[in-house]
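Peer 1: Have a look at this one.
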């Protein structure tokens with residue numbers, strides 16, 4: 001870690017303030033909440049990738065003792081469609097199913113076994129329809145159209161003149177691309193394919209819904225990091241006012257993008273409405289794999305023109321995203337990746353084309369840095385290939401072409417405080433990139449960047465005469481430690497140890513809106529609110545000291561937890577001041593931060609050994625360097641780096657949600673492999689000294705950046721070790737072995 005300005009609390013490795021509650025079992029997660037008379041909800045999943053629902057007979061299921069409700073799409077269609085930003089998914093399939101595993105009916109019963117038995121008695125008659133699984137085929141004339149009513153959906157930027165499976169497209173061109181290619185000495189073109197990846201969070205989707213008969217209010221206990229979004233989306237899907245819904249705080253057992261949009265939410269509501277009982281639903285992991293919202297399957301074709309001296313003259317991106325059956329599970333129906341596939345490189349002539357396509361497969365959703373590991377895997381693998389085609393070292397090639405302050409990116413953005421080259425140099429220096437290495441050992445580099453998120457945040461500081469210090473927030477922390485960082489900032493400004501703050505998390509009745517925790521915004525947005533709340537509390541303490549103690553107002557300051565009279569050298573701690581005055585101090589601050597052009601660069605170096613007889617890849621060590629502003633909490637920071645690297649390692653080498661003929665076939669952790677502690681290599685983290693960032697503490701995001709360049713760094717190291725290139729993730733031993741066999 002780097003040096004931090006002289007702070008007492010900020011920059012210190014403070015344990016999490018909610019940590020004791022978690023490790024002692026006092027923290028309550030969504031599955032821990034229960035209402036009297038609660039029943040279990042479970043869903044029936046479709047056995048076809050594309051089919052018309054001819055008939056559903058639920059009579060036998062309804063007759064099962066202990067069953068309180070059975071619902072189908074006919075019972076949920078009176079509301080609206082479900083979705084995060086765009087809305088194209090029915091709560092339960094109505095009329096047709098669009099992917100294998102789609103939910104078609106749901107049961108509420110006294111216990112889980114009865115609910116399952118009732119599901120098995122539901123008779124559904126299907127008429128199978130032609131299905132399309134490959135996005136390129138889905139774009140062809142004559143392909144089955146998944147959403148003939150697309151133009152009636154809410155939130156999409158385009159309308160179809162003719163039926164189409166494309167739900168979003170964008171085109172960006174700068175300079176003269178053809179002229180750029182004509183100036184090139186070498187043109188390199190490659191196609192890269194990335195796989196679906198499950199978020200693999202420890203806690204599956206869990207929810208409890210209770211409709212209070214006294215006032216007809218809908219109460220939710222839900223493992224969801226964006227409660228105000230859930231409130232709004234459920235209001236649309238249920239056809240009720242938002243004011244009738246309250247989302248109660250729960251702890252969240254892991255997120256990584258999954259806990260922002262659960263399709264269980266409207267289903268559980270309709271079960272509660274029909275049964276007139278509280279209903280709880282807890283997914284098992286078969287359901288999470290079969291009908292979750294994994295990272296997307298993406299295809300990218302890159303073409304670059306380059307001169308012999310390493311100057312890029314032109315670069316094009318063809319970005320095709322397999323959205324699956326619905327776009328509802330990502331904001332505005334899109335993810336990033338297209339621009340990222342152009343990289344942070346200086347090139348005057350560029351073209352970026354992107355399409356998002358419906359297919360009859362499990363719908364994609366958000367996962368850590370959604371879309372960016374996909375695009376960066378392509379461009380950083382490609383840049384290595386371009387460099388080697390002209391006989392140039394990949395690091396030297398990058399240092400020549402990376403943007404510097406004042407340069408525009410290939411997609412036309414002018415970033416501020418650019419330190420891409422410095423970050424890359426820090427990584428290669430720490431990794432000993434140029435040192436000697438054994439046979440079949442290779443080193444690979446990759447670079448990425450992630451902007452710091454923006455949004456709304458609210459924090460309240462309450463200081464009481466009995467000496468209690470309370471910090472209030474609407475955030476449902478999904479495990480990133482944001483409660484601790486806001487306590488550190490408030491503690492820094494007020495001279496209060498962070499562990500002294502009592503945590504108070506509000507339900508959604510407390511505020512009109514909040515952005516929740518997504519997009520690397522948590523620390524930036526909420527520490528800014530904490531800072532402003534603490535400043536207001538300081539002002540109130542100064543005013544109280546002047547009024548109650550009779551001190552001259554222009555001589556009163558507040559530092560180190562004490563009100564001070566500067567002219568007389570007197571001081572009084574805030575606890576004693578409030579106790580004497582018999583008053584509380586309450587300060588609440590709301591901030592709405594806009595996204596800036598300040599970004600956090602990350603550069604990584606992988607060192608791998610490849611067994612040429614089997615193709616097995618072993619990561620020997622890994623170095624990750626970050627330009628990420630002030631480190632508020634080194635413990636939390638390193639935890640984010642470690643977790644991000646683990647996600648990237650799995651993405652690079654083993655994780656794949658396999659879909660065969662439209663059906664997910666990796667339905668357990670026995671089939672879906674994730675890295676364990678035994679797979680983690682020695683990890684070196686380098687943080688650049690920085691005095692630039694967002695807000696008074698110069699903060700940049702860290703939550704998502706560490707996972708972005710891991711896969712291309714490993715792919716480039718494999719190519720360096722044995723001279724073969726794997727362009728479709730994951731980089732398995734079988735793929736490397738086959739490539740080596742073809743090479744021989």
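The values are calculated or read from the model by the stated rules, or taken from the named source; none is laboratory data. Keep in mind that what you see is a predicted model, and the values were worked out from it rather than measured. With ideal geometry, Cβ positions are generated from the backbone for all residues, glycine too; neighbour counts draw on all protein chains shown.
Peer 1: Can you pull out every residue in segment 504-514 that is at pLDDT below 95 and touching a helix residue (DSSP H, G or I) at 6+ places or on another chain (Cβ under 7 Å)?
Peer 2: 513, 514
Peer 1: Still on this structure: Name the single residue, out of those in segment 174-212 being under 27 Å from residue 269 (Cβ atoms) and part of a strand (DSSP E or B), that is nearest to the chain's Cα centre (by Cα).
Peer 2: Per the stated criteria, the residue is 206.
Peer 1: Does segment 629-643 contain any residue that is within 31 Å of the chain's Cα centre (by Cα) and either more than 20 Å from residue 704 (Cβ to Cβ) or not assigned by TED's automatic domain parsing to the domain that holds residue 682 (or both)? Talk me through it step by step, then tell me what you get.
Peer 2: Looking only at segment 629-643, we keep the residues that are within 31 Å of the chain's Cα centre (by Cα), and these are 629-643.
If we keep only those that are either more than 20 Å from residue 704 (Cβ to Cβ) or not assigned by TED's automatic domain parsing to the domain that holds residue 682 (or both) as well, we get none.
No: zero hits.
Peer 1: For residue 353, state whether it is at pLDDT 95 or above and either closer than 22 Å to residue 688 by Cα or in the same structural domain as residue 83 (by TED's automatic domain parsing) (or both).
Peer 2: no
Peer 1: For segment 40-57, does any single residue satisfy the condition of being part of a loop (DSSP other than H, G, I, E, B) and without any contact (Cβ under 8 Å) to a residue 60 or more places away in the chain?
Peer 2: No, the conditions are met nowhere in segment 40-57.
Peer 1: Just to verify a result, which residue in segment 515-534, among those that are out of contact with any helix residue (DSSP H, G or I) (no Cβ under 6 Å at 6 or more places or on another chain) and at pLDDT 95 or above, is surrounded by the fewest Cβ atoms within 10 Å (Cβ to Cβ)?
Peer 2: Filtering first and then ranking leaves 532.
Peer 1: Let me ask something additional. Inspect segment 455-478 for any residue being within 21 Å of residue 687 (Cβ to Cβ) and touching a residue at least 12 places away in the same chain (Cβ under 8 Å) and give the result as yes or no.
Peer 2: no
Peer 1: Right, next: Would you check which residues across segment 426-449 are part of a helix (DSSP H, G or I) and either within 25 Å of residue 172 (Cα to Cα) or free of Cβ contacts under 8 Å to residues at least 40 places away in the same chain (or both) and list them?
Peer 2: Residue satisfying the conditions is 429 alone.
Peer 1: Condition check: assigned to a strand (DSSP E or B), buried (at least 24 other Cβ atoms within 10 Å of the Cβ), modelled with pLDDT of 90 or more and in contact with a helix residue (DSSP H, G or I) (Cβ under 8 Å, 6 or more places away or on another chain). Does residue 461 satisfy that? Reasoning before the result, please.
Peer 2: Numbers: assigned to a strand (DSSP E or B): yes; buried (at least 24 other Cβ atoms within 10 Å of the Cβ): yes; modelled with pLDDT of 90 or more: yes; in contact with a helix residue (DSSP H, G or I) (Cβ under 8 Å, 6 or more places away or on another chain): yes.
When the stated conditions are applied, residue 461 passes them.
Peer 1: Would you mention how many residues in segment 699-719 are assigned to a loop (DSSP other than H, G, I, E, B) and touching a strand residue (DSSP E or B) at 6+ places or on another chain (Cβ under 8 Å)? Step through it out loud before you land on a result.
Peer 2: Going residue by residue through segment 699-719, those that are assigned to a loop (DSSP other than H, G, I, E, B) are 700-704, 708-709.
Narrowing further to those that are touching a strand residue (DSSP E or B) at 6+ places or on another chain (Cβ under 8 Å): 700-702, 704, 708-709.
Residues that pass the stated criteria total 6.
Peer 1: Would you tally the residues in segment 409-457 being surrounded by 24 or more Cβ atoms within 10 Å (Cβ to Cβ) and within 30 Å of residue 541 (Cα to Cα)?
Peer 2: Of the residues in segment 409-457, 1 are surrounded by 24 or more Cβ atoms within 10 Å (Cβ to Cβ) and within 30 Å of residue 541 (Cα to Cα).
Peer 1: If you don't mind, another one. Please enumerate the residues belonging to segment 461-485 that are over 18 Å from the mean Cα position of the chain (by Cα) and under 16 Å from residue 592 (Cβ atoms).
Peer 2: 473, 474
Peer 1: I need a count of the residues in segment 307-345 that are touching a helix residue (DSSP H, G or I) at 6+ places or on another chain (Cβ under 6 Å), part of a loop (DSSP other than H, G, I, E, B) and surrounded by fewer than 24 Cβ atoms within 10 Å (Cβ to Cβ).
Peer 2: Count: 2.
Peer 1: Among the residues of segment 207-226, count how many are buried (at least 24 other Cβ atoms within 10 Å of the Cβ) and in contact with a strand residue (DSSP E or B) (Cβ under 6 Å, 6 or more places away or on another chain).
Peer 2: 7
Peer 1: Just to check your reading of the model, which residue among 596, 592 is within 22 Å of residue 421 (Cα to Cα) and either in contact (Cβ under 8 Å) with a residue 12 or more places away in the chain or part of a loop (DSSP other than H, G, I, E, B) (or both)? I'd like the intermediate steps shown before the answer.
Peer 2: Details: 592 fails: within 22 Å of residue 421 (Cα to Cα).
One residue alone meets the criteria, 596.
Peer 1: May I ask you to verify whether residue 207 is in contact (Cβ under 8 Å) with a residue 12 or more places away in the chain, within 20 Å of residue 259 (Cα to Cα) and touching a helix residue (DSSP H, G or I) at 6+ places or on another chain (Cβ under 6 Å)?
Peer 2: Numbers: in contact (Cβ under 8 Å) with a residue 12 or more places away in the chain: yes; within 20 Å of residue 259 (Cα to Cα): yes; touching a helix residue (DSSP H, G or I) at 6+ places or on another chain (Cβ under 6 Å): yes.
Taking the combined requirement at face value, the residue satisfies it.
Peer 1: In segment 574-614, how many residues are touching a helix residue (DSSP H, G or I) at 6+ places or on another chain (Cβ under 9 Å) and surrounded by fewer than 19 Cβ atoms within 10 Å (Cβ to Cβ)?
Peer 2: Result for segment 574-614: 12.
Peer 1: Can residue 387 be described as surrounded by fewer than 24 Cβ atoms within 10 Å (Cβ to Cβ), in contact (Cβ under 8 Å) with a residue 60 or more places away in the chain and under 17 Å from residue 304 (Cβ atoms)?
Peer 2: It is true that residue 387 is surrounded by fewer than 24 Cβ atoms within 10 Å (Cβ to Cβ), in contact (Cβ under 8 Å) with a residue 60 or more places away in the chain and under 17 Å from residue 304 (Cβ atoms).
Here's the yes/no breakdown for (1) without any contact (Cβ under 8 Å) to a residue 24 or more places away in the chain; (2) surrounded by fewer than 11 Cβ atoms within 10 Å (Cβ to Cβ); (3) in a loop (DSSP other than H, G, I, E, B):
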position	(1), (2), (3)
131	no, no, yes
143	yes, no, yes
151	yes, no, no
156	no, no, yes
160	yes, no, yes
168	no, no, no
171	no, yes, no
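Peer 1: Got at least one residue in segment 575-582 being in contact with a strand residue (DSSP E or B) (Cβ under 8 Å, 6 or more places away or on another chain) and in a strand (DSSP E or B)?
Peer 2: Checked segment 575-582: no residue is in contact with a strand residue (DSSP E or B) (Cβ under 8 Å, 6 or more places away or on another chain) and in a strand (DSSP E or B).
Peer 1: Quick one: how many residues across segment 650-678 are under 19 Å from residue 726 (Cα atoms) and surrounded by fewer than 16 Cβ atoms within 10 Å (Cβ to Cβ)?
Peer 2: Final tally of qualifying residues: 1.
Peer 1: Check 61, 117, 21, 105 and return the single one that is farther than 24 Å from residue 323 by Cα and under 32 Å from the mean Cα position of the chain (by Cα). Let's see the steps before the verdict.
Peer 2: On the way: 61 fails: under 32 Å from the mean Cα position of the chain (by Cα); 117 fails: under 32 Å from the mean Cα position of the chain (by Cα); 105 fails: farther than 24 Å from residue 323 by Cα.
When all the criteria are applied, what remains is 21.
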